[in-house]
Amino acid sequence: MKKISEALVKTWLFLLKSDDPELKKSKYYANKRILRTFGSVEVAEIYLEQLQQEEADIV
């Protein structure tokens, strides 16, 4: 899989967890992109954990 920006994935997850009605359309597109890229929210969260672990291993 091509490496995806940590900030982008965090933004998608933030939008999915938001209850703000003004973000409804953004939430829809974030969900669509997470499902297309990772298959599920859980896998996207694991991806972030792995990125953070890699950063910790480097330091």
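The values are calculated or read from the model by the stated rules, or taken from the named source; none is laboratory data. What you see is a predicted model; the values in this text were computed from it and never measured. Ideal geometry is used to build each Cβ from the backbone, glycine not excepted, and the neighbour counts take in all protein chains shown.
Things to note:
- Residue within the stretch 35-57 that is of a type in the set (Lys, Arg) and touching a helix residue (DSSP H, G or I) at 6+ places or on another chain (Cβ under 7 Å) present: no
- Conditions (1) within 20 Å of Glu54 (Cα to Cα); (2) more than 12 Å from the chain's Cα centre (by Cα); (3) not small (Gly, Ala, Ser): number failed by Asp19: (1)
- Flag: Ala7 matches the condition of being among the hydrophobic types (A, V, I, L, M, F, W, C), in a helix (DSSP H, G or I), surrounded by fewer than 10 Cβ atoms within 10 Å (Cβ to Cβ) and modelled with pLDDT of 95 or more.
- Selection within the stretch 39-58 - surrounded by 12 or more Cβ atoms within 10 Å (Cβ to Cβ) and either in contact with a Pro (Cβ under 6 Å, 6 or more places away or on another chain) or free of Cβ contacts under 8 Å to residues at least 24 places away in the same chain (or both): Val43, Ile46
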